[in-house]
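> Okay, here's the structure, questions in a sec.
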């Protein structure tokens, strides 16, 4: 039980060190994951990403765990690099913000196009 509490505290401490951009990217990614899983369960969406499609074929649980793990690891690596190399801070911050905009456009643009058709 102590190990579980310690690992939870480590996870919380790491999350607190994430930048605002990192937290926003994680939030968008998690929201996308759960909305995609929900829509796929009701046959209202399909997964276009081949890697995520493969995970989805293994099962919805594998898909959710895989998507969350991949997103978290990649964002954590960006945050680690951001904290270790202050000279690259603006560069990484800029690319995180571009990632946020692209993620939002990827989610909202198709729905806007389908409404116009």
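The values are calculated or read from the model by the stated rules, or taken from the named source; none is laboratory data. Predicted, not measured: the structure shown is a model, and the values here were computed from it. Virtual Cβ from ideal backbone geometry, glycine too; neighbours counted across all protein chains shown.
> Pairs under 6 Å by beta carbon, first residue surrounded by 14 or more Cβ atoms within 10 Å (Cβ to Cβ) in the range 56-72, partner modelled with pLDDT under 95 and not in a helix (DSSP H, G or I), six or more apart or different chains?
Cβ pairs passing all conditions: 56/47.
> Of everything in the range 53-86, what is modelled with pLDDT of 90 or more and over 17 Å from the mean Cα position of the chain (by Cα)? Give them in sequence order.
54, 57, 58, 59
> OK, next. Among the residues of the range 3-52, write down those that are assigned to a loop (DSSP other than H, G, I, E, B) and either exposed (fewer than 13 other Cβ atoms within 10 Å of the Cβ) or modelled with pLDDT of 85 or more (or both).
Passing the criteria: 18, 19, 42, 43, 44, 46, 48, 49.
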